[in-house]
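So the structure is just underneath, and the comments pick up after that.
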Amino acid sequence: MKTEPLILVAPLNWGLGHATRTAAIIMKLQQMPVRMVLATDGEARNYLHLAFPGLHFLRLPFYRVRYFRYIPLWMGIMIQLPMICGSIVREHLILRRAVRKLGVDIVISDNRFGCWNRNCYSIYLTHQISVCLPRWMRILEYPLSRLHLHIISRYDQCWIPDIESEPNLSGKLSHRFPLPPHASFIGPLSALAGSQNPTAASENIVLIVLSGPEPQRSVFERQVFREIASFSRKEKIVVVRGSARLMKNTVPGNRNNIQIFDLLPARDMKKFMEKTGLVICRAGYSSVMDLVVLKKRGVLVPTPGQTEQEYLARHLKERGAFFSMPQKHFSLERALQKASSFSPGIFQEKTDNEWEEKLKQIVSQKQPGQHKSQSRQVSGIYL
C-alpha cells in the first residue's frame, strides 16, 4: 500500500542561518501529505528541535569548522579541510543508509555537499554559487567555483533563494558565472514571511540577533553587552543570543529595559521583528532575507574574516539597503544614528516566492518507493 513520500531536510550547521531558512520549507511541508525527517547537528539541531518538537531527527556529522579569533576564516578552513572532507563523506554514507532503511524519497540539502543519492530525488539549496575569497586569493575563485558547480551537478535541482534580475540580494555570489541548467532562482526564503502588521512596529525597540560559529559569536556577544551597559537612550533592547549555552556575561544596565533570549523559534522571532523598529544582526544571507521579507531597517555586522558576509554587507550598503559596520568598531549609538538613512524598500516589489509552487510540484509528482530501497516506518532512531 502506498504511503506519503518521505522527505529528509538537511541544513548545514554553520551558524543558525541555514536552519532558520529551511524552517520555511519545513513549515510548508507540514501542510502537505508527506512524512518528514530532519537531519543536522549542533546548534542547528537545537533550533529545529525547539521549533518542530514533534518531528524525527537524524544526527549528521559536524563539519567541525572552527573560527579562530586571530586567524582569517579562509586560513582556518584550509587547516581544517581534511576534517571537513571526512564529515562530507560520513554524511553521504549516513544518507545512503537512511535511503536504504527508511525509504527516503526526497532530500533537501541546504549547503551540505554530501546529501545526495542516486536512489532518491535531491535538491541543493544555496545562495553562493561563486566562492568569495580575500583579494590576494581571487585567482582561485573561478576554479573553486567550478568545483562547487561539480558538487551541485550531483543533485537533481539547485535552488537559489534570490531575485534573478537587478537589484538582487546576493550580487556576485550567485550572479557572477553562468548557472547550470538545473539551477533556478526561487526568490527570498524566510520562515518569517506571511502577513505583516506594520502598525505594530515601534521605533523604541531595538532587536539584536547574535549568530554565527564560535568563538566570534561569543566575542560579539561580549561587545554588545558592553555597549548596552553604557547605553543611555530610551530604546528597549531585546537580545537573542543564538545559543543554548550558559551565558557567562552578567546582564548590564537597567534590567527593566533589556530582554534576553537564548533561542527563539521562527514564530516567536517574527513577533519580535514585527514589533521592532531596528534589527542589528550578522550579515548572513538568511538574516538579510528575513529583513527584506519583513521590510525592516537593519544594521549588518559581518563576522570577522568571513569574506562572504563582508562582501554582502558592502554590496547592500552600496545599494542603500542596509547600514553596516565592522565588529571591532561596533557602536550601538552610531548604529541607531545611521540606520535611518537606509531602507530595504528597493526589493519590495520583487519578493514573490516561487519556491512554494516548485515544492508542491515535486511532492505531487514524486511517488513513494520510486527508489530501489524498501520504505519503512520512520522511528525516532538515530542513524
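Take the residues of region 167-181 that are of a type outside the set (Phe, Trp, Tyr) and over 22 Å from the mean Cα position of the chain (by Cα): which is surrounded by the most Cβ atoms within 10 Å (Cβ to Cβ)? In this case the residue turns out to be PRO180.
For (1) basic (Lys, Arg); (2) at pLDDT below 90; (3) in contact with a strand residue (DSSP E or B) (Cβ under 9 Å, 6 or more places away or on another chain), each residue gets a yes or a no:
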residue	(1), (2), (3)
PHE185	no, no, yes
ALA191	no, yes, no
VAL209	no, no, yes
ARG226	yes, no, no
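Only one of the numbered conditions (1) at pLDDT 90 or above; (2) in contact with a Gly (Cβ under 8 Å, 6 or more places away or on another chain) is violated by LEU300, and that is (2). Would you be able to say whether some residue in region 172-182 is in contact with a strand residue (DSSP E or B) (Cβ under 7 Å, 6 or more places away or on another chain) and farther than 21 Å from ALA283 by Cβ? Yes: one or more hits. Taking the criterion of being of a type in the set (Lys, Arg) and either within 16 Å of the chain's Cα centre (by Cα) or at pLDDT below 85 (or both), the residues of region 260-280 that qualify are ARG267, LYS270. The set of residues from region 211-221 being modelled with pLDDT of 85 or more and either part of a strand (DSSP E or B) or not polar (S, T, N, Q) (or both) comprises ARG217, VAL219, PHE220, GLU221. For LYS350, the requirement of being modelled with pLDDT under 85 and closer than 22 Å to GLY284 by Cβ is met. In region 122-137, the residue that is surrounded by the fewest Cβ atoms within 10 Å (Cβ to Cβ) out of those that are closer than 13 Å to ILE152 by Cα and touching a residue at least 60 places away in the same chain (Cβ under 8 Å) is GLN128.
Residues in region 77-112 that are touching a helix residue (DSSP H, G or I) at 6+ places or on another chain (Cβ under 9 Å) and among the basic types (Lys, Arg): ARG112 only. Just checking, does region 240-259 include any residue being in a loop (DSSP other than H, G, I, E, B), farther than 30 Å from MET137 by Cα, modelled with pLDDT of 85 or more and in the same structural domain as GLU214 (by TED's automatic domain parsing)? Checking region 240-259: at least one residue is in a loop (DSSP other than H, G, I, E, B), farther than 30 Å from MET137 by Cα, modelled with pLDDT of 85 or more and in the same structural domain as GLU214 (by TED's automatic domain parsing). Across region 144-165, a minimum of one residue is classified as in the same structural domain as LYS101 (by TED's automatic domain parsing), assigned to a loop (DSSP other than H, G, I, E, B), crowded, with 19+ Cβ neighbours inside 10 Å and touching a Lys or Arg at 6+ places or on another chain (Cβ under 9 Å). Scanning region 281-309 for residues that are assigned to a strand (DSSP E or B) and within 16 Å of the chain's Cα centre (by Cα) yields CYS281, LEU300.
The values are calculated or read from the model by the stated rules, or taken from the named source; none is laboratory data. Owing to the predicted nature of the structure, the values given are computational and were not obtained by experimental measurement. Methodologically, a virtual Cβ is constructed for each residue, glycine included, from the backbone with ideal geometry; neighbour enumeration extends over all protein chains shown.
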